[in-house]
Amino acid sequence: MGKMTLPTDAAQSEDWNGPAEASPDTKRLGMKIFMASWTFSFVALLVAYVVLRFGARVWPPDGLPHPPLVLTGLATFAAIGSSVVLQLGVGELHKGRPEQLEGALGFASLLGVLFLGLQTMAGVQAWRMGLEPNVNAYTGIFWVTAVFHALHVLVGVGALMRLWLRARSRGLDDSGTLTVELWTYFWHSIDLAWLAIFAVMFLPY
């Protein structure tokens, strides 16, 4: 019988180039699955809030005030503006004008920071009004929902700023363009989630 030889480390390294990179369609699908998973979390929180609200004779319960409306209303306009600006920038990118996307990423990031600043001010105001998280189930759900959403916005702002710096320093190749597209999906989804939260939890009706 012939002598069996095992491949050397060098031969193995030549044959193995690492795992194949996921295709753009696979990455898009992955982002959509991720967004769907945390969307269910927001839906669960809002459903719990609605059940609690319509089960109470008086709302807000225990004589608590309504949450701040002016600051959160301004934050809502900032959120909508950031999505519009970002989408316009992506549209310019598809038209072959990537320099317009750079400005859109920077402006959308600033509007995201403004949103977080207004939300922080609204949170401080709500706390001073007596809406502390440990008062009852209502304030507990209120704070969990607000903080959960703010954390997602913080992640989105960080991603947009990083993409802005990347576009500013060396431009965007095909991989960078796809990354912008994926984070645009994410940004729009957290803005839509905020619109639902604002309509259900902040509008006085």
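Is it possible to state the helix-based mean residue ellipticity at 222 nm for the chain, with each DSSP H run of 4+ residues giving -39500 (n - 2.57), the sum divided by total residues, to the nearest 500 deg cm²/dmol? What is it?
On the way: 6 runs with 152 residues, N = 205.
Result for the chain, helices only: -26500 deg cm²/dmol.
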Just the number: Rg to Rh for region 98-144, Cα atoms, Kirkwood Rh, two decimals. 1.29
Calculate the all-directions average of the projected area of region 87-169's alpha-carbon convex hull, and give it in nm². 6.1
At 7 Å along Cα-to-Cβ for each site, give me the label-to-label distance between Arg162 and Val43 in nm. 2.9
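Report the Stokes-Einstein translational diffusion coefficient (µm² s⁻¹, integer) for the chain, Rh taken as the Kirkwood radius over Cα pairs, at 4 °C with viscosity 1.567 mPa s.
On the way: Rh = 19.7 Å.
Calculated translational D: 66 µm²/s.
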With contacts defined as alpha carbon pairs under 8 Å and 6 or more residues apart, what's the relative contact order of region 58-205 in percent? 32
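So how much slack lies between Met121 and Thr26, counting 0.36 nm per residue of separation and subtracting their Cα-Cα distance, in nm?
So the chain would gain 30.2 nm between Met121 and Thr26.
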Rel. contact order, % - alpha carbon contacts under 8 angstrom, at least six apart, region 130-205: 29
Please work out the ratio of the alpha-carbon Rg of region 140-201 to 2.2 N^0.38 Å and round it to two decimals. 1.36
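All of the numbers you see were taken from the coordinates with simple rules; none came from a lab. Note that the coordinates shown come from a computational prediction; the quantities given were computed from them, not determined experimentally. Neighbour counts run over all protein chains shown; Cβ positions are idealised from the backbone, glycine included.
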